Amino acid sequence: MNKQVLLQDRRRRARNRVRSTISGTSKRPRLNVSISLVNVTAQLIDDTKGVTLLSATSIGKKEMHGKNLTEKAHLVAELIAKDAKTKKISEVVFDRGPRSYHGRVQAFAETARKNGLKF
């Protein structure tokens, strides 16, 4: 098999392994973080209804220009935590996706905790 196909398959299996153990509700939505090579995206998802409650991203934001991914992760975590407070959401289930809890994902989680979200 192609190396790219093997990598995609490994990521898919890791994502499914994490998602099999967690699920978001309207009282405690799932906080999904996605980090690409350039941008950081976060969503609060209610899995019972299949609805995205909130989202925050680094795409197209002027304050994100010229920052590295760790700094973008901090800023997106602050945005999603601030928006969650306005919707009176304080507890979430953290979904790291296929990534390990290290580096940028850890920076995102710690900043979200500092800004009032409870995992």
Under the condition of being surrounded by 13 or more Cβ atoms within 10 Å (Cβ to Cβ) and among the basic types (Lys, Arg), which residue from segment 86-119 is nearest to Ile45 (Cα to Cα)?
-> Arg96
Counted residues, segment 44-63 - those being loosely packed, with under 15 Cβ neighbours inside 10 Å and out of contact with any helix residue (DSSP H, G or I) (no Cβ under 9 Å at 6 or more places or on another chain) = 8
Residues in segment 9-25: is at least one surrounded by 12 or more Cβ atoms within 10 Å (Cβ to Cβ) and at pLDDT 90 or above?
-> no
Give the residue, chosen from Gly50, Gly97, Gly24, that is of a type outside the set (Asp, Glu), closer than 26 Å to Asp9 by Cα and without any contact (Cβ under 8 Å) to a residue 60 or more places away in the chain.
-> Gly50
Considering only helices (runs of 4 or more DSSP H) wholly within the chain, the ones with at least 2 residues that are over 16 Å from the mean Cα position of the chain (by Cα) and among the basic types (Lys, Arg) are 3-19
Quick one: Gly66 ticks every box in (1) out of contact with any Lys or Arg (no Cβ under 6 Å at 6 or more places or on another chain); (2) closer than 18 Å to Val105 by Cβ; (3) not acidic (Asp, Glu) except a single one, so which number is it?
-> (2)
All conditions in (1) in contact (Cβ under 8 Å) with a residue 60 or more places away in the chain; (2) closer than 18 Å to Phe119 by Cβ are true of Ala14 except (2)
Would segment 66-79 turn up any residue that is among the β-branched types (Val, Ile, Thr) and either surrounded by fewer than 19 Cβ atoms within 10 Å (Cβ to Cβ) or at pLDDT below 95 (or both)?
-> yes
Selection from segment 52-71 of residues of a type in the set (Val, Ile, Thr) and closer than 18 Å to Lys85 by Cα yields Thr52, Thr57
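The values are calculated or read from the model by the stated rules, or taken from the named source; none is laboratory data. Remember, predicted model here, so these are calculated numbers, not experimental data. Quick reminder, even Gly has a Cβ in these numbers, built from the backbone with ideal geometry, and neighbours come from all protein chains shown.
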